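The values are calculated or read from the model by the stated rules, or taken from the named source; none is laboratory data. These numbers were taken from a predicted model, which means no experiment stands behind them. Ideal geometry is used to build each Cβ from the backbone, glycine not excepted, and the neighbour counts take in all protein chains shown. To get the accessible areas, we keep the full protein, side chains included, count just its heavy atoms, and leave off ligands, DNA and RNA. Shrake-Rupley method; radii C 1.70, N 1.55, O 1.52, S 1.80 Å.
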Amino acid sequence: NRLSGADPILGVEMHSTGEVGVFGRDVHEVLLKAMLCQNFKYPSKAVVIHTEKASDAAAFVPYAKLLAQKLKIFAAPVAYAELKKGGVDVSIAYTRADGDQSPQIEKMYELREVDLVIQVRDKTRDFYLRRCTQETAPADYFVRRVAVDYGVALITELEIAKLFSEAFVKYTPADIEIEEFKSYVPKIYHKLENNNCTLLRRHKVGLCVGESLDSRVLALRLRDEQLNLVCFHADIGQRSNVKQLHEQFIAANLKLEVVDLRDKMAECCFDIIMAHAVYDNPLWQISNIERHVIGNGVVPAMRARKITVCAQASARTKKETRFEKYVKTLFPEMGVYTPWRDARMREDFPTDADKVAYVRARGMETTPTAANVPACINLAGVAWAGRQTNSLRLAKLPRDCSNDPEFVSLTFAAGRCTQVNGANVSSLQAMNLANDIGGRNGLGLGRTSDGDVLEAPGLALLAAALKILYEDVLDRQSLDMLRTYTSHISNQLAAGMYADISTQSAVAAVRFLAKAATGIVTLELHKGSAIFLKSEPAGRPHHVDPVEYDDVFLPGNGSFSDVEW
C-alpha cells in the first residue's frame, strides 16, 4: 500500500519478504496471530468475494457458509452464481466492468460497508497483469487496488481464504492466547528445562569424558535415557591407563573412542614454552592448555563421526563454557548440551555420595577419592586443587631431591627441542623426558594465590634453556616484541581465548622470532634450580650493531681470494 497504483499480489520476487514466526495451539490460531502481527484488521461487518473462475467460487462454497455465520456476504457476478447455487446466503455486488449497476464494490469500500475482501484471480493471466497500465487494467485489479487504498483487509490466495474462514469461526481476538513456548507443544517440549533428554533422543550425542566421577555418572545417565551416545576420551599424555578406562566403559555397554592428542598437546606445549606464557611468574597454565587442545581435537573427531550434539562431562566450572565456544566456533551447526546446567541432573545428583551410589549400582568402578585425584593432569603437568605437597605426581620437593647435581644438554631448532643429551627426540618425547628430568630435580613447582599446587617440570626446564638461547640470538628490539607477545598470549590463555585470532596471530609472531633460536644449551640441575653453564648458538646472532660508522669502506669478514684483481 506504500506504492500508489501497484497491484497488491505476491509474485515470486516477493514470496521471501515479510515473514512472521508465531506459535499457537493449532494452525488456525497460528494463522490469525500471524495476520494480526501484520496489522490485519479483524472483520466485523461484511465480506466481498470476487473470483474470476467459477470453479474457484464453487470450491469456496463450504467456507463461505462459515463466514456467513458472522459476516454479511457480498459477491461479484461470477462468484455470486456459484455461491447462490451452493446455498449460501449471499447478495450481489458489481465491479466497474459491469457498468453502472449497484451496489458497486468500490463504492462500498468508500462507505465502509465492508471490511474484508477475498479476491481470487485467474493466475494464468498474470503475464498480462504485469504489462498492463491502469487504463488497460481488468476489473479485478481495481477490486484489489482500491481495497488497499481504503484500508480494507485483503486476501488474494484461495487456500489462505479457506484456512482463514475456518479460523474466523473458531477464534475471536479475545480467544487468542499468549503463552510460554513450552505450553504450545507439550508432547516434545514439556518442561524443557527439566527434560532435555527428550530433545537429545533425536540426535547422535557425543560425550567428552575423562576419568572423573562426573564422567561415569553422565555416561551412565545418558545411556539409561536410551540416547544414541558415543563417548570420546582425549589422550593428552596424562599417564593414565587408557586401556583400563576403555574396558570399563565397554563393560557398561558404552561406546568409547580414544582420541590420541598427545602430539597436538606437545606442539601446543612448545608454543607456550616459546612464548613463555605464564601467569604470576613462574606459574604455568596447565588446565587452560588442556582445554584448548581438547576443544580443538575432540570436537573435530566428534563431527567426523556425524555427532550432532556435543556434551562435556566436566564439573560446574568455566570449562564447560569454553568447550561450548570451541563447538560453536568450529562447527556452529552442532548443538551443545551442558549436563550440570540441567535442573533434573542437579536434582538427581546433589552430592558426590549420590553420584558414587548411582555408578556402583550399575556395576562400574568409581575413581579414587578426590583427595588422591588431581584437578588436572596432562603432558604439560599436574594441577592439584588446594592440595598439600606430600603426594606429587611429576615433581619432587627440592628437599627430597638428590644431593648430586644433574647435567643436561638441550638442543633447539627454531625454538623446539630436537635433542636431549645428544639423542634425537620428537616434541612428544622431549616433553616426556623433560618432565622426568625436571621432576626428579624439583623444577616447576608452584602454588597459586588460591592455594592450588602446580607441577610443570618439563615446561620449566625447557623454558629456562630456551630463554637463555633467546638472549644470545635476539637483539633488544626483538626481545621487547617477544615480551609484548608473551603478555598478550598469557592473558588470552588465562581468559580461555587462546583460539582467538589475536592470540593465534601473536603465537605466529613468536614462532617467527623463535626461528633464530637454534643451538645447544647446557644446564646444571640441583634441588629446584636450573643453573646456566654453556650456550652454543648455531650461526650468528640475529641482530645488527646499531653503532654508526664513519669509515668510507667497511671490509667484510670473508676472503677475497675468489676475486681476480
**Study point:** Qualifying residues in segment 482-510 (those that are in contact (Cβ under 8 Å) with a residue 12 or more places away in the chain and under 28 Å from I531 (Cβ atoms)) - the one surrounded by the most Cβ atoms within 10 Å (Cβ to Cβ)
**Key:** I489
Point to revise | Options N432, N441, N424; residue that is over 21 Å from K534 (Cα atoms) and not small (G, A, S) | key: N432
Review point. Among P300, P332, P282, which is closer than 27 Å to A508 by Cα, modelled with pLDDT of 90 or more and of a type outside the set (F, W, Y)?
Key: P300
Revision key, fill the gap. A careful count of residues in segment 303-329 that are of a type in the set (D, E, K, R) and modelled with pLDDT of 90 or more gives 3
Revision key, fill the gap. Requiring at least 1 residues that are open to solvent by 10 Å² or more (accessible area, probe 1.4 Å) and either touching a His at 6+ places or on another chain (Cβ under 7 Å) or basic (K, R) (or both), the helices (runs of 4 or more DSSP H) wholly within segment 52-143 are 61-67, 77-85, 105-110
**Study point:** Scan of segment 252-282 for residues that are buried (at least 18 other Cβ atoms within 10 Å of the Cβ), touching a Leu at 6+ places or on another chain (Cβ under 6 Å) and either acidic (D, E) or not in a helix (DSSP H, G or I) (or both), ordered by number
**Key:** A277
Practice item. Could you tell me whether segment 378-399 includes any residue that is part of a helix (DSSP H, G or I) and either modelled with pLDDT of 85 or more or over 24 Å from A494 (Cα atoms) (or both)? Key: yes
Practice item. Determine which member of the set D122, D56 is closer than 20 Å to V148 by Cα, of a type outside the set (K, R) and either touching a Cys at 6+ places or on another chain (Cβ under 6 Å) or touching a residue at least 12 places away in the same chain (Cβ under 8 Å) (or both). Key: D122
Check your understanding: open to solvent by less than 30 Å² (accessible area, probe 1.4 Å), modelled with pLDDT of 90 or more, in a helix (DSSP H, G or I) and touching an Asp or Glu at 6+ places or on another chain (Cβ under 8 Å): does that describe A161?
Key -> no
**Study point:** Of the criteria (1) at pLDDT 95 or above; (2) assigned to a loop (DSSP other than H, G, I, E, B), which one G442 fails
**Key:** (1)
Check your understanding: Which of the residues belonging to segment 283-302 are closer than 13 Å to L379 by Cα, part of a helix (DSSP H, G or I) and touching a strand residue (DSSP E or B) at 6+ places or on another chain (Cβ under 8 Å)?
Key -> I286, S287, I289, E290, V293, I294
Review point. Out of all the residues in segment 373-389, is one or more open to solvent by 50 Å² or more (accessible area, probe 1.4 Å) and without any contact (Cβ under 8 Å) to a residue 60 or more places away in the chain?
Key: no
Point to revise | Check on Q244, in a helix (DSSP H, G or I) and over 20 Å from D500 (Cα atoms) | key: yes
